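What follows draws every value from the coordinates through simple rules; no lab data is involved. This structure is a prediction, so every number in the text was calculated from the model and none was measured. Positions of Cβ are backbone-derived with ideal geometry, glycine not excepted, and every protein chain shown enters the neighbour counts.
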Ligand SMILES: [Zn+2]
Ligand SMILES: [Zn+2]
């Protein structure tokens, strides 16, 4: 099969051929149709998030089919022990023994992959392979972040890429007012935000037109944390939704004071995934996708690093 490998962090991905893996007990072989490219793939590629093994096949937003033709999704959460205090409390996203697709388990930047059957997700029928792929990480983890941001009406989204362009649609559907905070010169992201129902788009380091009830930070830039706290009203919540962020600069206590809450979101649970994938076609969510061939994975990561992907990057891997 064709595959793209990370040999070593910091080095470009390498396209190659390999034997197909054989599914073990409880696992299934999946023919990969499409695989979304996530910022976490870039963090692993660049060595900011540690690879579980090397060489590694990245990719954790996999849309594919089983031998019986059934279409399935494979997300970031690939395995948990179902036997720890977190799993017992419904917090499998925090399982200390969890294994993640495209980090600990070879992922979807390949024509075929193998996954634990219990972690497969059903996909909405009326969304195509390319269109549905970004829902499997940006959508799912963004949705968990939105839930943890509370019910406030005025929602700020910091960084308007794959996750934010999906979550904006959910928030607007819920009747919230969305404010998109981007780099001041990112006209494409600001335009996309306004097209998707945001009522304002502007500079992420400045205050918005009115205080926010909640903010979700998708961009991996620590300086956005004090910026978002400053933009948030008393009692508001700031959620950091990424797996990695540059260091957060120190900030005066006054911008956290008055019961503002600062928290992170880690990974996803299968319950989040089922709830979100059931909701997505009812909104309906429409994703903006920039398409790449499997062998162009490295170029897709380059463009993502440079902030030049509009919406989400998705690899078209092979015909169903
Ligand atoms: Zn566990
Ligand atoms: Zn991801």
- Rank 43, 17, 33 by mean-square fluctuation in a GNM of the chain with C-alpha springs under 10 angstrom and give only the top-ranked residue. 17
- Query: Taking only C-alpha pairs under 8 Å that are 6+ residues apart, what is the relative contact order of the range 139-264 in percent?
  - Reply: 24 percent
- Say R0 is 22 Å: what FRET efficiency, to the nearest 0.05, do residue 97 and residue 25 get from their beta-carbon distance? 0.80
- Query: Taking a spot 7 Å from the Cα of residue 50 along the direction of its beta carbon, which residues of the range 98-112 have an amide N less than 18 Å from it?
  - Reply: 98-106
- Anisotropy class of the range 139-264 from Cα gyration tensor, a/c 1.5 cut: rounded
- Equivalent ellipsoid, the range 76-140 (semi-axes from 5 times Cα gyration tensor eigenvalues, Å): 24, 15, 10
- Grab the alpha carbons of the chain, take their convex hull, and tell me the volume per residue in Å³. 125 Å³
- Message: Mean-square fluctuation check for the chain, GNM, Cα pairs under 10 Å: which of 243, 30, 283 is largest?
- Response: 283
- Message: Multiplying the sequence separation of residue 188 and residue 88 by 0.36 nm and subtracting their Cα-Cα distance, what value in nm do you get?
- Response: 31.6 nm
- Note on the structure: antiparallel share of DSSP beta bridges within the chain, to nearest 5, in %, is 50 percent
- the chain: most fluctuating residue of 151, 302, 185 per GNM, C-alpha cutoff 10 Å: 185
- Task: Average the reciprocal distances over every distinct pair of alpha-carbons in the range 139-196, invert the result, and give the Kirkwood radius in Å.
- Result: 11.4 Å
- Query: Relative contact order of the chain: what whole-number percent is it, with Cα pairs under 8 angstrom and at least 6 residues apart?
  - Reply: 21 percent
- Query: On a 0 to 90 degree scale, rounded to 10, what angle separates helix 138-148 from the longest Cα axis of the chain?
  - Reply: 40 degrees
- Per residue convex hull volume, Cα only, the range 76-200, in Å³ is 148 Å³
- Item | Alpha-carbon centroids, the range 180-245 and the range 140-155: separation in whole Å | 13 Å
- Message: Using only the alpha-carbon atoms, what does the range 196-308 span along each of its principal axes? Please give whole angstrom values in decreasing order.
- Response: 49, 33, 29
- Query: With each label point set 7 Å from Cα along the Cα-Cβ vector, what nm distance links residue 264 and residue 246?
  - Reply: 1.7 nm
- Query: Which whole-number percentage describes the relative contact order of the range 57-121, with Cα contacts under 8 Å and a sequence gap of 6 or more?
  - Reply: 41 percent
